[in-house]
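**Q** Can you read through this structure? Questions will come right after.
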């Protein structure tokens with residue numbers, strides 16, 4: 001059964017801490033007090049799971065959305081939430097194109113051809129082609 005969630009979630013920033021990174025979010029729900037939710041990622045997860053710091057805000061946002069959607073069944077989301085290796089694995093599964101860090105170099109890993117073929121065409125593919133340069137001279 002689908003539930004309509006009426007809230008606004010805002011990323012407010014990262015707070016570097018010793019041994020971890022914390023990512024803050026404000027949750028605004030109609031008729032309720034503003035909630036501050038802090039997502040915490042241990043520093044070791046950035047090395048061990050090949051998670052890049054640039055991916056962390058989106059990972060936290062996606063995890064928090066999922067937690068909020070199951071809030072009615074599992075109880076309210078706590079003010080401080082730890083991100084685990086399992087959360088990172090779920091994030092990887094839901095993002096078929098990810099950047100992976102290998103021995104100091106970076107490479108792009110893409111989804112299998114069959115998964116890419118099912119993706120809708122992007123705006124660049126739909127846009128008319130333009131020729132660049134000086135016209136008429």
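The values are calculated or read from the model by the stated rules, or taken from the named source; none is laboratory data. Remember, predicted model here, so these are calculated numbers, not experimental data. Cβ sites come from the backbone with ideal geometry, for glycine too, and all protein chains shown count toward neighbours.
**Q** Condition check: within 13 Å of residue 23 (Cβ to Cβ), at pLDDT 50 or above and touching a helix residue (DSSP H, G or I) at 6+ places or on another chain (Cβ under 8 Å). Does residue 83 satisfy that?
**A** yes
**Q** Looking only at the stretch 72-86, count every residue that is within 14 Å of residue 37 (Cβ to Cβ) and surrounded by 13 or more Cβ atoms within 10 Å (Cβ to Cβ) and tell me the total.
**A** 4
**Q** Would you tally the residues in the stretch 23-33 being surrounded by fewer than 17 Cβ atoms within 10 Å (Cβ to Cβ) and touching a strand residue (DSSP E or B) at 6+ places or on another chain (Cβ under 6 Å)?
**A** The number of residues fulfilling the criteria is 4.
**Q** Sticking with this structure for a sec: List the number of the failed condition for residue 66; all other conditions in (1) out of contact with any strand residue (DSSP E or B) (no Cβ under 9 Å at 6 or more places or on another chain); (2) at pLDDT below 50 hold.
**A** (2)
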